[in-house]
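Engineer: Structure in structure tokens, see below.
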Amino acid sequence: MTKRIATTFSDQLGIDYPIVCGAMFPCSNPELVAAVSEAGGIGIVQPLSMEFIHERKLRDGLRYIRSLTDKPYGVNLTVEKSSARYAERMERYLNISLEEGCRFFVTSLGKPDWVVRKVKEVDGLVYHKCTLAKHAKKACDGGVDGLIGVTERGGGHAGVLSMDELYKELLPFNVPLICAGGIGAPEDFIRALETGYQGILMSTRFIATHECTAADDYKNAIVEATESDIVHTERVTGVPIAVIRTPHVEKVGTKIGPIARFLFNHPRTKGWIRAYYNAIAGWRLKRSSQRGLSTRDFYQAGKSVSGITEILSAKEVIDTFAEAVIRTRDPQ
Ligand SMILES: Cc1cc2nc3c(=O)[nH]c(=O)nc-3n(C[C@H](O)[C@H](O)[C@H](O)COP(=O)(O)O)c2cc1C
């Protein structure tokens, strides 16, 4: 396929199609990131996933991606200042990424102003993920180039607004908008562009690809699931994340117990309990993504499962989505 889909976003990045493969702990293996970029979209590295799941130091992982594709890729930085150690780690990840030539960053949570300052020194781009105007304001005050709006249908930590509502919510910021959350079929891409978004970000769709190294049971569960199989559970990280309702999820329920809730709500213990849950979650999600279906698995996925009917290559996904849009614009 030779045609590009020109939008502000694809032009800014110099890519063929405004399709982002979102960062996923634990599913962003370097081969998947590279395959999406090579196919004309842009893959996003999740540094913690690179180091702790895929067992490559970030610099080695980025060089490995560079050996697989010469196209641009991005790096995700979660910029919440949960602890000084965590903030230092994010700064190190940013420095390494810049040294290795990355020029596109997707920030989430917190204030991304310090990322923007460094990235602007090398003329790079920063897009911030948000679910509401109040988060978008902080990011735009910090000088980000664009926003990635996460809808109520998203995987991971979902938003609260629909594709249309979120567009209206974020439009006043006057920066390019990318739609994330619930996009699993080409028709969703067409709708997002028609709404006014400059591109889409998909995560769950790219788990069900040959290049993703997640377990086959996980991929098959995505293909088989429908929208009503997606539930939001607090039992992984302490805050709700979207998962497929597996037998284990049914058994343990989706709420944390009263003691954990008390610790999350108490100002003196909430930092500690959050760190504890995150540590356990990292281990648990790694195990769930790499092993077959066991009785204790958590398979993260968004409502986009409803549009995902087969496991494809990353290139097939991108080509199918791009062709659908190109055909709509130019039916010849
Ligand atoms: C398995 C999985 C892991 C995720 N991990 C992260 C993450 O580490 N950082 C992040 O910013 N978002 C993460 N997300 C959220 C996605 O990047 C994205 O916002 C959302 O999944 C988009 O919805 P979709 O899955 O329906 O395409 C994750 C989503 C999934 C499904």
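Engineer: Between Ala6, Ala35, which is among the small types (Gly, Ala, Ser) and without any contact (Cβ under 8 Å) to a residue 40 or more places away in the chain?
Structural biologist: Testing whether each residue is among the small types (Gly, Ala, Ser) and without any contact (Cβ under 8 Å) to a residue 40 or more places away in the chain leaves just Ala6.
Engineer: Another question, if that's okay. With at pLDDT below 95, under 30 Å from Asp297 (Cα atoms), buried (at least 23 other Cβ atoms within 10 Å of the Cβ) and not hydrophobic (A, V, I, L, M, F, W, C) as the only criterion, which of Gly155, Gly181 stands out?
Structural biologist: Exactly one residue qualifies, and that residue is Gly155.
Engineer: Okay, next question. Can you tell me how many residues within segment 238-255 are crowded, with 20+ Cβ neighbours inside 10 Å and in a loop (DSSP other than H, G, I, E, B)?
Structural biologist: Result for segment 238-255: 2.
Engineer: Being under 19 Å from the mean Cα position of the chain (by Cα) and of a type in the set (Asp, Glu) is the requirement here; does Asp164 meet it?
Structural biologist: So Asp164 fails the test.
Engineer: Identify the residue in segment 190-227 that is small (Gly, Ala, Ser) and in a helix (DSSP H, G or I) and, among all such residues, is farthest from the chain's Cα centre (by Cα).
Structural biologist: Ala221
Per-residue answers, yes or no, for (1) under 19 Å from Lys129 (Cα atoms); (2) touching a strand residue (DSSP E or B) at 6+ places or on another chain (Cβ under 6 Å); (3) polar (S, T, N, Q):
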| site | (1), (2), (3) |
| --- | --- |
| Ile5 | no, no, no |
| Pro30 | no, no, no |
| Glu91 | yes, no, no |
| Asn95 | no, no, yes |
| Phe105 | yes, yes, no |
| Val116 | yes, yes, no |
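The values are calculated or read from the model by the stated rules, or taken from the named source; none is laboratory data. If you're wondering where the values come from, they're calculated on a predicted model, not measured in any experiment. Reconstructed Cβ throughout: ideal geometry from the backbone, glycine too, with neighbour counts over all protein chains shown.
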